[in-house]
Amino acid sequence: MGRIVADGIVDALERHGVSEIFGQSIPSKVFLAATARGIRQVGYRTENAGAAMADAYARVSGKVAVVAAQNGPAAALLVPGLAEAFKASIPVVALVQDVAVRSRDRNAFQELDHFRLFSGVAKSTRRIESADRVDDAIDMAFVEAASGRPGPVVLLVPVDIIDEPAGEEAAVSPRRNRYGRYPLDRTLADPGAIAGAADLIASSRRPVAIVGGGVHTAGAYAEVEALQNLGVPVATTVMGKGAVDETSPMSVGVVGYFMAARSRTERLRFVVEEADLVLLVGNRTNQNGTDSWSLYPEGATYIHIDVDGLEVGRNYEATRLVGDAKLTLGALTQALGERDLSAMQSWSATVSERIAHEHAAFDRRLAEAVTLSATPIRPERILHDLDGCLDGNSLVVADASYSSIWVANFLTARKPGRRFLTPRGLAGLGWGLPFALGAKAAMPDATVHCVTGDGGFGHVWAEMETAVRMQLPVIITVLNNQTLGYQMHSELVLHGDYTDICHFSHVDHAGIANACGVRGVRITHPDDYLVELRRAIDEKVPTLLEVMIDPDAYPPITSFQGSETLPNGNQ
């Protein structure tokens, strides 16, 4: 049998550096050809989890991820995962098998208008229309996913075209360009605007930089550190966590809507609120990151670096530096090095001293606020013990809701790098375990921790079997309070009561884990978690630690502060 289009698709994927494809079995001819070429198929149980795995894989690897699915319901289940990637600016190519060309618009089995389906969650949706355009279609998909503001692209492949003989173009003139890593085609902001921004910073007395996930995408870690070395304190959003070493006296920590009592940044809010100049880098200035647009100072001067011009000045009128964060921030720090920065020296000294004091005092303040030896177990105790076990080989994934807040507040980034993954594009529940599996596929030698609540974990129990089958040993910590905690507590704050669905029936998550071949342990005493966590790290097998936590415990969310309808969850 001669070469067919499926072989041409695999040729192009291999050229772009694809080594894993997330998918079940369709398009079958593509997977068969890919496996024969050494491209690993990471088979998930549900398509929504598969798209999340691909998202995390792209975040960690720096490569454009590929996920595949069948037309119709399987394609529809890709939508939530692609939506998260779209909002979070993560490049994913979704390869979706479509109905045969000759069957189109005839109500073929599972036929669906995929262009309309994906219109709100992808940068574009394309279709391979002929065998001789395979390279064109795949190259355009990868270029679009990886360039500008990265994001997902959907490529439809009619099932009959997959079986057609491969086009002659590739054999006659094979392509060599590779587009599988991002960011592709870095751009630099206007040099005149950079010089003007440097003048503004040099003349400011109380500057602060607040950096987001765009710093990770651009790999602008050295440039952010250089900014700190010049005397500018740096805070991060949740997605920006890990952009700086959080133990540095010029690192404020994560700022946003959870800076109430018990938070690491509770007493550092002034660094943002009193700033006279705010430098935003790869920061969407979204609702959570700005505490509903109340945290950032009204009278300050703003400078905004972002690769997407529509994000620059979206919520705060700013000097526009539209370009890659690494190149543009690098040029800006170089320009600052040529200027007199003495106006900010007093502020830099005050802030660094205060940050160092708060870093040193945090454990004591937390112990005063919370009984860390209490049962039911306090989440703060679990995160404290997990933090002590993290090293340079660790990667932590959080589910949405409370899990992201616990991780952002109570774990420490000790060196720059994308070592903390949170689904903050749309913040949907159920991303924790799939994210962890995708991250482990990208970094097989890393110790990958997943922190999730029982509410979010209930969406993806089946993927524990994936962890075993695909040999992706992750450590899952399920914070089980048998409630939808965030929903319940926010309803109490807003309405004085909560809906019936907030409470769950008893579920033995550790038992389910053991049934799937994952080592499952239920933990009811706080001292037992660290023992089992260390064992899991040493044994390197898929492990689930189900921790029975206090249902009254809630993170330091600013809008909860002072509420008289919440339980006394701070003890």
What FRET efficiency would be calculated for the residue pair Gln482, Asn393, taking the C-beta separation as r and a Förster radius of 22 Å, to the nearest 0.05?
0.10
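If you roll a 1.4 Å probe over segment 5-163 with all protein chains in place, what percent of the accessible area is carbon or sulfur? Don't skip to the answer; put the middle values down first.
Details: 2650 of 5220 Å².
Its accessible area is 51 percent carbon and sulfur atoms.
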Can you put Cys516, Cys502 in order of accessible area, largest first, using a 1.4 Å probe?
Cys516, Cys502
For segment 414-492, with the dipole built from +1 on Lys and Arg beta-carbon atoms and -1 on Asp and Glu ones, taken about the Cα centre, which of His489, Phe457, Trp431 lies farthest toward the positive end?
Trp431
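Any idea what the dipole of the chain comes to, in debye rounded to 20, about its Cα centre with Lys/Arg Cβ at +1 and Asp/Glu Cβ at -1? Walk me through the numbers on the way to the answer.
Numbers: 52 positive and 68 negative charges, 167 e Å.
About 800 debye.
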Compute the distance in nm between two label points, each set 7 Å from the Cα along the Cα-to-Cβ direction, one at Lys415 and one at Asn177.
3.6
Please give the Cα centre distance for segment 48-118 versus segment 449-468, rounded to the nearest Å.
21
Rounded to the nearest percent, how much of the accessible area of segment 348-403 (1.4 Å probe, protein heavy atoms only) is carbon and sulfur?
51
DSSP bridge pairs, the chain: antiparallel proportion in percent, nearest 5
5
FRET efficiency, Leu372 to Ser28 (Cβ-Cβ, R0 56 Å, nearest 0.05):
0.60
Apply the Karplus curve 6.51 cos²θ - 1.76 cosθ + 1.60, θ = phi - 60°, to the phi angles in segment 377-382 and return the couplings in whole Hz, x for Gly and Pro.
6, 7, x, 4, 5, 5
Gyration tensor verdict on segment 5-163 (Cα atoms; rounded if a/c is under 1.5, prolate if a/b is larger than b/c, oblate otherwise):
rounded
Under 1.5 on a/c is rounded, so check that first for the chain, then, if it is not, pick prolate when a/b is larger than b/c and oblate when it is not; a ≥ b ≥ c are the square roots of the alpha carbon gyration tensor eigenvalues.
oblate
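Rounded to a whole number of µm²/s, how large is the Stokes-Einstein D of segment 373-452 at 20 °C and 1.002 mPa s, given Rh as the Kirkwood radius over C-alpha pairs?
Details: Rh = 12.9 Å.
Calculated translational D: 166 µm²/s.
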Amide H neighbours of Glu20 under 5 Å, counting only residues 5+ apart in sequence or on other chains, H built in-plane at 1.01 Å?
Arg40
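Would you mind getting the Kirkwood hydrodynamic radius of segment 372-560 from its Cα pairs, rounded to one decimal in Å?
Details: mean 1/r = 0.0607 Å⁻¹.
Kirkwood radius, segment 372-560: 16.5 Å.
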Taking only the alpha-carbon positions of segment 191-355 as identical scatterers, the Debye log10 I(q)/I(0) at q = 0.13, 0.19, 0.20 Å⁻¹ comes out as -0.51, -1.22, -1.39
Quick one: which residues, 5+ away or cross-chain, put their amide H under 5 Å from the amide H of Thr319? H built at 1.01 Å from N.
Tyr302, Ile303, His304
Counting each DSSP H run of 4 or more residues in the chain as -39500 (n - 2.57), what helix-only mean residue ellipticity at 222 nm follows after dividing by all residues, to the nearest 500 deg cm²/dmol?
-11500 deg cm²/dmol
Taking H placed 1.01 Å from N in the peptide plane, check which residues at least 5 places from Ile476 or on another chain put their amide H under 5 Å from its amide H.
Cys450, Thr543, Leu544, Leu545
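Just flag the GluC sites (Glu not before Pro) in segment 515-566 sitting in loop per DSSP whose Cβ has no more than 14 other Cβ atoms within 10 Å. Spell out each step's value before the answer.
Values: sites: Glu532, Glu539, Glu546, Glu564; in loops: Glu564.
Those satisfying the criteria are Glu564.
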Karplus-derived HN-Hα couplings along segment 514-528 (A = 6.51, B = -1.76, C = 1.60, θ = phi - 60°), whole Hz, x at Gly and Pro:
4, 5, 8, x, 8, 6, x, 9, 8, 10, 10, 10, x, 5, 7
Along the charge dipole of segment 5-163, pointing to its positive end and built from +1/-1 on Cβ of Lys, Arg, Asp and Glu, which listed residue (Ala51, Pro73, Ala100) has its Cα farthest out?
Ala51
So what are the ³J(HN,Hα) numbers for segment 458-474, from phi and the Karplus equation (6.51, -1.76, 1.60; θ = phi - 60°), rounded to whole Hz, Gly and Pro as x?
x, 6, 9, 3, 4, 6, 5, 5, 4, 4, 6, 5, 8, 6, 10, x, 10
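Where only protein heavy atoms count, and the probe is 1.4 Å, what is the accessible area per residue for the chain in Å²? Could the numbers behind the result be given before it?
Details: 21610 Å² over 571 residues.
Here the per-residue accessible area is 38 Å².
The values are calculated or read from the model by the stated rules, or taken from the named source; none is laboratory data. Owing to the predicted nature of the structure, the values given are computational and were not obtained by experimental measurement. Cβ atoms come from the backbone with ideal geometry, glycine included; neighbour counts cover every protein chain shown. Remember, those area values only see protein heavy atoms, side chains included, never the ligands or the DNA or RNA. Shrake-Rupley method; radii C 1.70, N 1.55, O 1.52, S 1.80 Å.
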